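Take a look at the structure set out below.
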Amino acid sequence: MNSQKKKGFGIRFFSRAFYGVCLAVFLLFLVEGLFFAWILNAKNDTARSDAVLVFMGTEKRIETAYQLANQGIAPYLILSPSCKRLRNLWDKRYSLKTGITHIPEIHGSTTFENAFYTSRIIETNQFKTVTLVTSDYHMPRSLMLLRLFLAGTDVRVKIHKVTSFHQTGDPPLAHFLYNEFLEFWGSLFEFTSWKITGKLPEKPEGQSQISRFLKSLLLLNIKLSW
C-alpha cells in the first residue's frame, strides 16, 4: 500500500511539474507575442533626438536613416556597421546635409553586436535620446537588446520602423517574424551569458556545430531582395 501511495505521489508530482512548465512556457511566449504586437503597432517617433542609429541590413534602412537625418531629426548619424568608403558612397547617394556628423561603428556583424557597440557609443557621447532605425520585423529584438545594454542609464530609445515592402518572390513577412520570434530567446540567452562571462557571443562562423545545426533546424533560410 505504501509503495502504491509513493508511486501515486510521484506520478502526481511529475504531472504537476510538467503542466507547470508548460504553463510557464505558454506565458513566456504570450508575453513575447504581446511585446511584438505592441512594437509592430506602435507609431514611429519623429521628434528630435541626439542621434539617428541604424542597424544595417537592407538598403531601405539606410535610406530611411539618411532621410531622418536630412529632416533635422538629429545632428549625429550612426550606421552599425559601416566603413568610411560606404559612408562616403551613401552620403553622395542620399545627399547628406552639412552639419550632420557620422560616428563610426565598424565592429558589429550581428544584431547583438550592433546593440553592444552602439550602446557604448551612446554612453561615451552622453546622448540622452536616440532614434533607432531598423526593419519592422527586426525592431522588437533590436529594441530589447539596446535597452538591455543601456539599462541603468537615463537614455531614451525612440523607434522608427522601416516597413517591409515585399517584392514578388520574397518570402512572406510571417516567415521573418517567425525567425525573429525564435531569435529573440537566443539573444536573451546570449545577453545572460555575456553578463555572466563578460564575453561576446561567437560570430556565426565560429559557433559550435550543435548551435549551427539547431539554427538550421529551427530557423528559415530567408532574405529580402532589397
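Observations
Conditions tested, residue by residue: (1) small (G, A, S); (2) more than 22 Å from E32 (Cα to Cα); (3) at pLDDT 85 or above.
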{"position": "Q167", "(1), (2), (3)": "no, yes, no"}
{"position": "G186", "(1), (2), (3)": "yes, no, yes"}
{"position": "F189", "(1), (2), (3)": "no, no, yes"}
{"position": "S193", "(1), (2), (3)": "yes, no, yes"}
{"position": "T197", "(1), (2), (3)": "no, yes, yes"}
{"position": "P204", "(1), (2), (3)": "no, yes, no"}
{"position": "N221", "(1), (2), (3)": "no, yes, no"}
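- Selection count where residues are modelled with pLDDT of 80 or more, assigned to a helix (DSSP H, G or I) and surrounded by 14 or more Cβ atoms within 10 Å (Cβ to Cβ), scope segment 206-219: 1
- Qualifying residue in segment 64-73 (condition: among the polar types (S, T, N, Q), closer than 19 Å to F149 by Cα and surrounded by 15 or more Cβ atoms within 10 Å (Cβ to Cβ)): no
- Helices (runs of 4 or more DSSP H) wholly inside segment 23-131 that include at least 1 residues being at pLDDT below 95 and among the small types (G, A, S): none
- Within the option set K161, K199, K128, being out of contact with any strand residue (DSSP E or B) (no Cβ under 8 Å at 6 or more places or on another chain) and among the basic types (K, R) holds for one residue only, K199.
- Here V157 clears all of (1) buried (at least 17 other Cβ atoms within 10 Å of the Cβ); (2) in a loop (DSSP other than H, G, I, E, B); (3) without any contact (Cβ under 8 Å) to a residue 40 or more places away in the chain except the condition numbered (2).
- Checking each residue in segment 185-205 for being in contact (Cβ under 8 Å) with a residue 40 or more places away in the chain, buried (at least 17 other Cβ atoms within 10 Å of the Cβ) and assigned to a helix (DSSP H, G or I) picks out S187, E190, F191.
- Top-ranked residue of segment 117-146 - restricted to ones that are of a type in the set (S, T, Y) and touching a His at 6+ places or on another chain (Cβ under 7 Å), ranked as surrounded by the most Cβ atoms within 10 Å (Cβ to Cβ): T131
The values are calculated or read from the model by the stated rules, or taken from the named source; none is laboratory data. Not measured: the values here are computed from a predicted model. Don't worry about glycine lacking a Cβ; one is built from the backbone with ideal geometry, like all the others, and counts go over all protein chains shown.
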